[in-house]
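Right, one structure below, let's go through it.
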Amino acid sequence: MFTLHVDGAVCSLACAYRDKVIKADEEDFFEALFQIRQELEADGLLPFCYGASANVYPENTVMEKSRGLIACKVKTGQFPQETDLVDIFDDGVDVVPVFVHMQQQFWEEWLASLPS
């Protein structure tokens, strides 16, 4: 269970699970989720949401406007379209939850796949 709170420039996120609570305060919610996911990994847990999906990552312009709540689904060799925007806490049949380092690796591979 995720709880979101905004206090000025700080995006606070709390994750309650198994009688535990993890909190993170960051500049945006994607980064806060990123921090919480690293702690969840220690318990072998992966959230089932777009923010933890292999092929989802925030794009700078979108992230700034949404405080990191909206990210892009990316496809190898293609730039994201407006239809690829997702709420990081939503889920869907195309969510592929992965550990943080795997999501970062997919992002780097996607960037390298783009036409120059």
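The values are calculated or read from the model by the stated rules, or taken from the named source; none is laboratory data. Fair warning: this is a prediction, and the values are worked out from it, not measured in the lab. Note that each Cβ is placed from the backbone with ideal geometry, even for glycine, and that neighbours are counted across all protein chains shown.
Annotations
- Condition met for ASP19 (under 14 Å from the mean Cα position of the chain (by Cα) and either more than 30 Å from SER116 (Cα to Cα) or not β-branched (Val, Ile, Thr) (or both)): no
- Unmet criterion (only one of (1) outside any helix (DSSP H, G or I); (2) under 18 Å from VAL95 (Cα atoms); (3) under 13 Å from the mean Cα position of the chain (by Cα)) for GLY51: (1)
- Selected residue (only one of ILE22, ILE36 is part of a strand (DSSP E or B), touching a strand residue (DSSP E or B) at 6+ places or on another chain (Cβ under 6 Å), of a type in the set (Val, Ile, Thr) and surrounded by 13 or more Cβ atoms within 10 Å (Cβ to Cβ)): ILE22
- Condition check for ASP87 on (1) in contact with a strand residue (DSSP E or B) (Cβ under 7 Å, 6 or more places away or on another chain); (2) of a type outside the set (A, V, I, L, M, F, W, C); (3) over 29 Å from ASP19 (Cβ atoms): one failure, at (3).
- The range 64-116 - residue that is of a type in the set (S, T, N, Q) and in a loop (DSSP other than H, G, I, E, B) and, of those, modelled with the lowest pLDDT: SER116
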